[in-house]
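Structure record follows, encoded as structure tokens.
Nothing in this text is a laboratory measurement; each read-out follows from the coordinates by a stated rule. Treat the numbers as computed from the prediction; the structure is a model and nothing was measured. Don't worry about glycine lacking a Cβ; one is built from the backbone with ideal geometry, like all the others, and counts go over all protein chains shown.
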Amino acid sequence: MLPFDITGEAALAAKTKLIARGTPSAAIRLGVRGGMCSGFAYVVEYEDGEPGPRDEVITQDGVRFIIDRKSLVMLSGTRVTWKSQLLHSGFEFENPNEASRCGCGASFTPK
């Protein structure tokens with residue numbers, strides 16, 4: 001079992017975004033960065049270059065997701081889904097390592 005789960009819906013959304021961007025062979029970088037009101041924020045970015053030596057690559061439904069090892073520690077056991085709602089669509093992180101989230105949901109405090 002992978003220490004990280006990306007749903008089929010999330011992979012399809014990523015593939016659609018990469019195709020619309022004109023870079024279907026690029027990857028999506030997932031991770032965490034310090035900052036925001038609760039301490040850490042989730043990161044979802046396009047990655048046009050090759051993975052670095054400290055990166056892990058997870059391929060789901062033909063899409064490459066790159067996660068640096070430091071982020072993978074905080075994201076171990078996380079499930080990434082795609083949520084499409086009336087006012088907001090985007091990747092959602094279901095992270096068992098969260099102690100709490102800020103009120104707007106943009107950042108979290110790890111356990």
Set of lysines near Lys83 by C-alpha distance (under 19 Å), chain-local residues within fewer than 8 positions excluded:
Lys15, Lys17
Förster radius 22 Å - calculated FRET efficiency between Thr81 and Glu50, Cβ distance, rounded to 0.05:
0.25
Run the dipole for the range 30-111 about the Cα centre, Lys and Arg Cβ at +1, Asp and Glu Cβ at -1, nothing else charged, and hand back the magnitude in debye, nearest 20.
360
Charge sum, other residues only, whose C-beta stays under 10 Å from Pro96's C-beta, Lys/Arg counted +1 and Asp/Glu -1:
0
Can you compute the FRET efficiency between Ala106 and Thr59 using 1/(1 + (r/R0)^6), with r the Cβ-Cβ distance and R0 = 30 Å? Round to the nearest 0.05.
0.60
How much length is gained on full extension from Thr23 to Glu98, taking 0.36 nm per residue of separation minus their Cα-Cα distance?
23.7 nm
Report the net charge of residues surrounding Gly22, where surrounding means a beta-carbon distance below 14 angstrom and charges are Lys +1, Arg +1, Asp -1, Glu -1.
+2
Which of the trypsin sites (Lys or Arg not before Pro) across the range 13-60 are loop residues per DSSP, with 13 or fewer other Cβ within 10 Å?
Arg54
What does the charge count around Ser84 come to, taking other residues whose C-beta lies under 11 Å from its C-beta (Lys +1, Arg +1, Asp -1, Glu -1)?
-1
Relative contact order %, the chain, counting alpha carbon pairs below 8 Å whose residues are six or more apart
29
Can you list the lysines whose alpha carbon sits under 22 Å from that of Lys70, skipping same-chain ones fewer than 8 residues off?
Lys111
Using every Cα-Cα pair within the chain, state what percent have a distance larger than 20 Å.
39
With 10 angstrom as the radius, rank Cys104, Cys37 by how many other C-beta atoms surround their C-beta, starting from the fewest.
Cys104, Cys37
Helix-derived [θ] at 222 nm for the chain: sum -39500 (n - 2.57) over DSSP H runs of at least 4, divide by residue count, nearest 500?
-5500 deg cm²/dmol
